[in-house]
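Okay, here's the structure, questions in a sec.
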Amino acid sequence: MELSLFLYSFLIPTLFGAGLLALGWFLPPLRRRKTLQVAMFGIALGAGLLGSFYAESGLPVFPPPRSDAWIGWLGPLMVVVALAASLLVNNARVLRLELFGILLGAFVACLPLFAWMASSASAPKSLFPGMSGADHAMLGFMIAFAAIVMARLQEARQGTLLPCLLALVFTTGSLTALAAGWITMGILFGVVAAISGSGALIGRFSGASGIGIGGAMAAVLLLVILPVATWCKTSPPDDLHWWFWLMIPGSLLLLVPCENRWFERLPALVAFWVRVVFVALPLVYVLVKVVPMLAGGSSDGTDEFEDMMKLYE
């Protein structure tokens, strides 16, 4: 990786996102604002993602001329979703959690329609290449389902556990995207992984209660959309199967059976590491499969601009 690419696409966006999170969780005037506290993790992730995308491609435009430009819009969307979840679900209780998740999933599924109405195209273009109407509906369903599950998990597991696990998940996603041949996506995954890891460290010393409902909703968008985008827009090696992209975010579902009375009887440190090991098992399996692809340079995927243009439908 070139030094300039590392500096502008990875290091600076990571420091910017982590710096925002540190300000929100350490400064007393901001700590007293409950809305910001439960949204700050999501804001930091979104800001870091947008910063990395900007370093590569500039600011996203609407409607997007290429499908990868939707990734740029994901950053601002995460910031808005984090704040909206904090205001509507956490504070005002205007919306029930389940309804918020359904609305979020429906909004993302309808993004191609919004872009079509703002353009002069004769028909809507899919969010990512090869996606049908049913695929968009399934994407919306996965976001709604993941939003409900993640929100429940962040309520039950406050503290540093979820930021640590998100860092592991996104790191695995980064290496898998690199194995698939999309360098830019590998960097984006790496940025949100680093911000998540720094969130665990900042939360440990600041005493923050956790990622909050806003952080959970923003993380859901990353967990669902980035794997779908990578699978649709790359030509991965034959050994890189589509279900790897299900195992990576789906590993967090292994936290659900850990929510029982047996785990509550364990010492806190032991329970923490047992949960980490549970979630890490499928991630280790994926890494065992994809790391040799990186070492051998076997990917026939592409990250070239012209090929990305051809992939857009």
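Test F100 against the criterion of being farther than 18 Å from L226 by Cα and not in a helix (DSSP H, G or I), and give yes or no.
The answer is no for F100.
Return a yes/no flag: does region 36-51 have any residue that is assigned to a loop (DSSP other than H, G, I, E, B), within 22 Å of G186 (Cα to Cα), touching a residue at least 24 places away in the same chain (Cβ under 8 Å) and within 21 Å of the chain's Cα centre (by Cα).
Looking through region 36-51, none of the residues is assigned to a loop (DSSP other than H, G, I, E, B), within 22 Å of G186 (Cα to Cα), touching a residue at least 24 places away in the same chain (Cβ under 8 Å) and within 21 Å of the chain's Cα centre (by Cα).
Report the residue count in region 127-143 for those that are in a helix (DSSP H, G or I) and of a type in the set (S, T, N, Q).
So the count comes out to 0.
If you don't mind, there's one more thing I want to ask. What are the residues in region 36-75 that are β-branched (V, I, T) and surrounded by fewer than 16 Cβ atoms within 10 Å (Cβ to Cβ), if any?
V61
Of all residues in region 196-233, which are β-branched (V, I, T) and within 26 Å of L104 (Cα to Cα)?
Within region 196-233, I211, I213, V220, V224, I225, V228, T230 meet the criteria.
A follow-up question, please. Please tell me if A295 is surrounded by fewer than 19 Cβ atoms within 10 Å (Cβ to Cβ) and either at pLDDT 90 or above or within 27 Å of S67 (Cβ to Cβ) (or both).
Considered against the rule, which asks whether it is surrounded by fewer than 19 Cβ atoms within 10 Å (Cβ to Cβ) and either at pLDDT 90 or above or within 27 Å of S67 (Cβ to Cβ) (or both), A295 comes out as no.
Tally the residues that are buried (at least 24 other Cβ atoms within 10 Å of the Cβ) and within 27 Å of M293 (Cα to Cα), restricting the search to region 194-218.
2
Kindly list the number of the only condition in (1) farther than 24 Å from L166 by Cα; (2) modelled with pLDDT of 50 or more; (3) not β-branched (V, I, T) that fails for R275.
Result: R275 fails condition (1) only.
Before we move on, is G140 at pLDDT 90 or above and more than 21 Å from P257 (Cα to Cα)?
So G140 fits the description; yes.
(1) without any contact (Cβ under 8 Å) to a residue 12 or more places away in the chain; (2) buried (at least 24 other Cβ atoms within 10 Å of the Cβ): which one isn't true of K233, the others all being true?
Failed condition: (1).
The values are calculated or read from the model by the stated rules, or taken from the named source; none is laboratory data. These numbers come from a predicted model, not from an experiment. Every residue, glycine among them, receives a Cβ derived from its backbone with ideal geometry; neighbour counts consider all protein chains shown.
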